[in-house]
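Student: Right, I'll just put the structure down here and ask away after.
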Amino acid sequence: MTHIHIPSLIGILSLIGLASLLLAPRVRTVEGFFGGRDDQGVAPGVLTLTFSQVTTWIFARSLLNAAILGYFYGIAGALAYAAYYGSFLSGWLIVDRLRYRYGVDNIQGFLLTRFGRLGAGCYNLLISLRLLTEVFANLLVVGMVFGVADSQAYTWSILAVAGLTLAYSMTGGLRASLRTDVLQMSLLLLLIGAIVIITLGHPLFDAGALLASSPQLTSPGWVLLVVALLQVLSYPMHDPVMMDRGFLADRDTTRRSFIHAFWLSALLILGFGLVGVFAGLHGGEDKDLLLTLERLLGTPAMFLLGLALVISAASTMDSTLSSAAKLMVVDMGLSRPSAGHGRVAMALFAVGGLFLVFVGSKDLFDAVAVSGTASLFLTPVILFNILAGREVARWSFLASFAAAMAGAVLYFFEKAGYVDWIGPLTGVEHSYSKLLVITIAILLTGLASFALGLRPSGINRAQA
């Protein structure tokens, strides 16, 4: 991002980093490190859970994606990305059923009873990849704020943010993540609000033009909105950060935090998407979101944007690392539960994310689209097993999983240009139209396999 005063940015971020380190408690207990409880064993309240949920979903990559989709596809693109935040509502429904109907304390426990080790293993594979992509994609955004790819500023900023976040995350685990999320979310509210207000007050801002910015129903933005609505049921279940926070507090606190997180995050992400729509309407010859925003809003607004992106990246990183620790140590049971083993797991995921940053793809949206597509194998699990209380044959689960993985891989290769199979078969050419075709095919395959594999005994067992 050009023309941002980097020394000032580093100074403010250093103060925020120091505050985060001071806020992060030194946690030694398993309940505090993996369960987020304080020294008296008290679970987090509604405000803490809500702010933690929102700041882990309003992450750096999300802010950019929302603005980019608005920039290129108008209001439809902004709405499409905001639709994914309906995941808070479906996520709450999933968590509530798992906890209070089936009495489990994690998703792996439910899958293990229904589909055995293979079912839990497939799920663990998916969310492990999800957590790794969270680390690397947010660090990519940090690098973009400070310099061009592979420059010294790019490299050192990524290493600094990764190291600082890892340091305070290792200090207090999930408890530290929850406490620092409140600070970081408060700052993000001010920064995003300021950027949106600056946009609304711009002389060229025209609400009517924004609302009319996606006139064609065949626009890729509207297509992506349909994809989002099809994926929004399964999407939260493959996000361990959200799911972990659903098992921390009592039923009422959890419900209220998910509902508040939904409207607050959807409002913020839609507002940021509208900033992108505004930039797209006045893009001119720039053809680049950040260059257009800098021309329209000026350097001060871009400074606020850079600050928001780095803060959101750090807030997502600490939550991702705490979920990674819980996944490896508690959920997968790879070692005896202890804060020390959790810290080792955090370090491994941080190193893995850094490895992907410096050797992996730089496309910010592919990771989200691929993981969201892969998560579609969970849709029939939610509908048949969790909500309807039925049991199905294990081959049904495997068929759904195989279809989702194949679809995710196919979409990645199609998006990257390695293959072009869907276009000749269906006549659609845009990547989001291809994603819609793949999404529908996966859902039909998964739902059909579960319908064929239904077992009559499922209802009785669910009621037992």
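The values are calculated or read from the model by the stated rules, or taken from the named source; none is laboratory data. Here the structure is a predicted model, which is why all the values come from computation and not from measurement. Note: ideal-geometry Cβ built from the backbone for every residue, glycine included; neighbour counts use all protein chains shown. When the accessible area is computed, the model is the full protein with side chains, heavy atoms only, and any ligands, DNA or RNA have been set aside. Shrake-Rupley method; radii C 1.70, N 1.55, O 1.52, S 1.80 Å.
Student: Over the Cα atoms of region 52-102, compute the convex hull volume and normalise it per residue, giving Å³.
Tutor: 70 Å³
Student: A follow-up question, please. At 7 Å along Cα-to-Cβ for each site, give me the label-to-label distance between A402 and D206 in nm.
Tutor: Result: 5.5 nm between the two label points.
Student: Loop-only check: which GluC sites (Glu not before Pro) in region 374-464 are DSSP coil with at most 15 other Cβ within 10 angstrom? All intermediate terms of the calculation are to be shown ahead of the outcome.
Tutor: On the way: sites: E391, E414, E429; in loops: E429.
Qualifying residues, ordered by number: E429.
Student: Rolling a 1.4 Å sphere over the protein heavy atoms, what is the accessible area per residue of region 235-337, to the nearest Å²?
Tutor: Values: 3240 Å² over 103 residues.
So region 235-337 comes to 31 Å² accessible per residue, rounded to a whole number.
Student: Using a 1.4 Å probe on the protein chains only, how many percent of the accessible area of region 367-431 belongs to carbon and sulfur?
Tutor: Values: 1760 of 2550 Å².
Whole-percent figure for carbon plus sulfur exposure: 69.
Student: Between rounded, prolate and oblate, where does region 289-415 land on the alpha carbon gyration tensor, with a ≥ b ≥ c its root eigenvalues, rounded for a/c under 1.5, else prolate if a/b exceeds b/c?
Tutor: On the way: a/c = 2.26, a/b = 1.41, b/c = 1.60.
Cα axes put region 289-415 in the oblate bin.
Student: OK, next. For F413 and I259, what does the FRET efficiency come to when R0 = 41 Å and r is the distance between their Cβ atoms, rounded to the nearest 0.05? Numbers along the way, then the final one.
Tutor: Working: r = 39 Å, r/R0 = 0.94.
About 0.60, to the nearest 0.05.
Student: Then there's this: For region 41-180, would you read off the P(r) tail past 22 Å as a percentage of all alpha carbon pairs?
Tutor: Values: 5566 of 9730 pairs.
Roughly 57 percent, once rounded to a whole number.
Student: Then there is this: Percent of Cα-Cα pairs per 10 Å bin, from 0 to the last occupied bin, for region 125-239, please list those.
Tutor: It works out to 10, 21, 34, 27, 7, 0, in whole percents.
Student: What are the radius of gyration and Dmax of region 8-61, computed over its Cα atoms and given in Å?
Tutor: Final numbers for Rg and Dmax: 13.9, 40 Å.
Student: Here's another thing I want to ask about it. Under the Karplus relation 6.51 cos²θ - 1.76 cosθ + 1.60, θ = phi - 60°, what is the ordered set of whole-Hz ³J(HN,Hα) values for region 330-339, x standing for Gly and Pro?
Tutor: Result, rounded to whole Hz: 8, 6, 8, x, 6, 7, 5, x, 7, 4.
Student: Moving on to the next point. Taking the alpha-carbon centroid of each part, what is the distance from region 93-124 to region 259-324 in angstrom?
Tutor: Between the Cα centres of region 93-124 and region 259-324 lies a distance of 35 Å.
Student: Using a 1.4 Å probe on the protein chains only, how many percent of the accessible area of region 30-110 belongs to carbon and sulfur?
Tutor: Values: 1340 of 2400 Å².
Ligands and nucleic acids excluded, carbon and sulfur reach 56 percent.
Student: Let me ask another. Over the Cα atoms, compute the radius of gyration (one decimal) and Dmax (the largest Cα-Cα distance, rounded to a whole number) for the chain, in Å.
Tutor: Every Cα atom of the chain included, Rg and Dmax give 21.6, 66 Å.
Student: If you don't mind, another one. Taking K and R as +1 and D and E as -1, what net charge do the other residues with C-beta under 14 Å from the C-beta of E31 add up to? Write down the numbers at each step before the final one.
Tutor: On the way: positive: R28, R37, R175, K326; negative: D38, D39, D105, D244.
Result for the neighbourhood of E31: 0.
Student: Relative contact order (percent) for region 119-195, with alpha-carbon contacts under 8 angstrom and 6 or more residues of separation?
Tutor: On the way: 26 pairs, mean separation 11.7, N = 77.
Computed over region 119-195, the figure is 15 percent.
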